[in-house]
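Before any comments, here is the structure.
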Amino acid sequence: MPARTSVAQFEALVDRAVAALPGWVHEHMQNVLITTALWPSAAQQRVVQVRGQMLLGLYEGVPLTRRGSGYHLHPPDRITLFQRPLEQVADSEADLEGLIRDTIVHEIAHHFGFSEEDLARLERRG
């Protein structure tokens with residue numbers, strides 16, 4: 001049975017997961033907004049070309065490793081967590097909390113310059 005929360009409850013879980021990140025992560029994140037949405041938009045789904053998979057979170061922006069001297073006056077990068085897909089994957093509220101944490105960490109890794117391939121390699125190493 002999927003976990004189901006209100007928007008306010010989901011946002012509170014996201015806030016708690018962000019607050020629990022190590023201090024060094026907060027210190028090194030630059031110009032990033034973490035937000036939530038019920039579902040990814042069609043445009044967001046197309047951008048990442050996820051076919052047959054649920055998009056749980058999305059990083060949209062310029063990774064720190066690709067910012068140069070011309071990076072200024074940019075709108076904030078955006079990390080979006082998608083509530084309903086995360087709830088559908090979760091078996092319980094505790095599972096949902098873990099998925100939210102893992103998704104935030106994954107998307108922050110993109111902000112720090114890690115590609116999907118880099119993250120897959122790291123996951124295989126365990």
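Among ALA90, VAL47, THR36, which residue has its Cα furthest toward the positive end of the charge dipole of segment 1-103, with +1 on Lys/Arg Cβ and -1 on Asp/Glu Cβ?
Among ALA90, VAL47, THR36, the one farthest towards the positive end of the dipole of segment 1-103 is VAL47.
Quick check on the chain: helices-only [θ] at 222 nm, where DSSP H runs of length 4 and up contribute -39,500 (n - 2.57) each and the sum goes over total residues. Nearest 500, please.
-14500 deg cm²/dmol, from helical runs alone.
Using amide H atoms built in the peptide plane, which far-off residues or other-chain residues are under 5 Å from THR36 H to H?
HN-HN under 5 Å from THR36: LEU81.
Could you give me the radius of gyration and the Dmax of segment 1-57, taking only the C-alpha atoms into account and expressing both in angstrom?
Over segment 1-57's Cα set, Rg and Dmax evaluate to 14.1, 38 Å.
Among (1) 18.0; (2) 15.7; (3) 15.4, find the value of Kirkwood radius over Cα pairs in Å that was calculated from the structure presented, and write down its label.
(3)
Which of the chymotrypsin sites (Phe, Trp or Tyr not before Pro) across segment 1-67 are loop residues per DSSP, with 10 or fewer other Cβ within 10 Å?
none
If you filter segment 1-106 for trypsin sites (Lys or Arg not before Pro), then keep DSSP loop positions with at most 11 other Cβ within 10 Å, what is left?
ARG51
Around GLY57, which amide H atoms from residues at least 5 apart in sequence, or from another chain, sit under 5 Å from its own amide H, with H modelled in the peptide plane?
PHE82
We did not get these values from a lab; they are worked out from the coordinates using the rules stated. These figures come from a predicted structure and were not determined experimentally. Because the Cβ atoms are built from the backbone with ideal geometry, glycine has one as well, and the counts that use them run over all protein chains shown.
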